[in-house]
Every structure is written in C-alpha cells, then in structure tokens.
Amino acid sequence: MTDQLKKLWAECFSDPPEAIHSFFAAAYSPERCRYLERNGQIAAALHWLDGTYQGQKVAYLYAVATAPAFRGQGLCRELMGKTHQELAQAGYASALLSPAGEGLRRMYAGMGYRDCCFRREFSCAAGAAVTVRELSEIEYATLRRQMLPKDGLIQEGAFLRYLATYARFYAGEDFLLAASVQDGAVLGWELLGNTFAAPGIVSALKAGRGHFRTPGRYVPVGMILPLAENAGIPGYLGFPLD
C-alpha cells in the first residue's frame, strides 16, 4: 500500500524522489492516512500530522491528491468529507491545511474552510555575526513552546522529524531558528524572537544572504475548518510544509 501512495504522490506533485522518501520515513503513519480505491488502485489520498492549539487537537492535512486518471469525479470532496467526519469523531477540534495556489484556496473555501494563520517574510544580507548554537529536535520543541506566539499552533513529533530531514535547529541569545543553507543562502523556515538578529545569523551560518519567515500579519498561510463548536482558530502556523 505504501508503494501505491508513493506512486500517487509522484504523479501529483513535483517533489523529487528523495523528498517523498523523507516524508514516508519521518512522518507517514497509516493511522494518519486515508484513501479511496477505484479499480483496485488508490485513486485519491491524504495524510495528516497532529498539532495542538489551546489544548485542542488539530489535524494538519497534507498531500491531498487525486490521480490524474480519476480527476473530475468528486473523489477529493468525498475523501475530505469522510476524513472530516472521522476526525471529529476522534476528538479533533479542527482541520487545517495550506493551499498551494488560489484555485485550491477557492476549492477548499467551497468545503467550508476559511483563511487563518499569517506570517511575515523578509530578506537580508549578511551582517555582523551573532552567536548561534545548534539544537536537537527535542531541545527545539521545548524552547519553541516558550517563544511561540500565544496564537501559534504547537507542531512537534512528525512535524519536526520531517523538518529535520531538510533543515537544522538553532538558538541564539534571544531567538530560535529552523533553517537550511544552500548555495550560499539561508532559508529561515521559522525565526522566533529577535528578527533583527537575521543579518548576524546569515554570517554565523557562513552564508551571504538570507530569507526568513516569522510571525506576522501579511502573508496568509493556512485555511481552517472547525470540527467542534468551541474550536480555537490559530493565528500562526510555523511549518506549513511547503
């Protein structure tokens, strides 16, 4: 079954084989995957990762896909509807996702999803280096809870295991960072705390420039569907896995 899921992923997304392998090695769980079969093969599938917000369980839906041969038959809507019902029965307060484009944003809006979770992005050149130390996944998760905005979604476990396949975790005196470095540039997947440290971080990681994502109110990132009457609406999603 896993091989079919990987094949569907490769048919529907532009991810290289190593990225698909990373997800299934670090974040996949059969308990957090749902699919529909047609003619003996998987025609549509989705995965989710668990987050928490204000003590409530949140399902982050990811890699929602329909095989090209089965598109236009309403399979995605059918699969999403069944998954929403199961999640609600399992005690999840909401379903959250990050649409890849305006067409998908409109489609999910038609299913009842609405915009939530915003961030700010900025670029900078290298400046005077600051002190940076590398963290383990567990250390990062612990410090992140302390520095996360009050309206931030807690993302640990499979989220951080998957992120660790292409990024590293760092801390400084007054900031927390998940970042990767490629071709002389830092991609700060998440910068919490003192954003003015960014130029110094670029130098400390031996790069010439950097692009950083941080909490803000400018770039919409997620969409949410409440599954319970008292569902909280997070305002910040640090890892949309895009």
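The values are calculated or read from the model by the stated rules, or taken from the named source; none is laboratory data. Computed from a predicted structure; not experimentally measured. Every residue, glycine as well, gets a Cβ built from its backbone with ideal geometry; the counts of neighbours run over all protein chains shown. Ligands, DNA and RNA are stripped out before the accessible areas are found, and what is left, the full protein with its side chains, is counted by its heavy atoms. Shrake-Rupley method; radii C 1.70, N 1.55, O 1.52, S 1.80 Å.
Out of these labelled values of Rg and Dmax of the Cα atoms in Å, (1) 18.6, 61; (2) 18.0, 54; (3) 19.9, 68, which was calculated from the coordinates shown here?
(1)
Give me the percent of the accessible area of segment 1-68 that comes from carbon and sulfur atoms, probe 1.4 Å, all protein chains in place.
About 47 percent, which is the carbon plus sulfur part of the accessible surface.
Between segment 74-132 and segment 148-194, how far is it from one alpha carbon centroid to the other, in angstrom?
18
Rank these by accessible area, largest first, 1.4 Å probe: MET147, MET80.
Ranking MET147, MET80 by accessible area, largest first, yields MET147, MET80.
How far apart, in nm, are the 7 Å Cα→Cβ label points at ARG217 and GLN73?
Between ARG217 and GLN73, the label points sit 4.6 nm apart.
For segment 110-150, what is the accessible area per residue in Å² when the probe is 1.4 Å?
That works out to 62 Å² for each residue.
Can you tell me how much longer the chain between PHE196 and GLU86 gets when fully stretched, taken as 0.36 nm per residue apart minus their C-alpha distance, in nm with one decimal?
Net length gain for the segment: 35.2 nm.
Need one number: nm distance between label points at ALA19 and ARG133, each 7 Å from Cα along Cα→Cβ, rounded to one decimal.
3.4
Keeping the other protein chains in place, figure out the carbon and sulfur percent of the accessible area of segment 87-242, with a 1.4 Å probe.
51
So how much slack lies between TYR166 and LEU143, counting 0.36 nm per residue of separation and subtracting their Cα-Cα distance, in nm?
Roughly 6.3 nm would be gained on extension.
So for segment 11-132, what percent of the C-alpha to C-alpha distances run longer than 22 Å?
Roughly 46 percent, rounded to a whole number.
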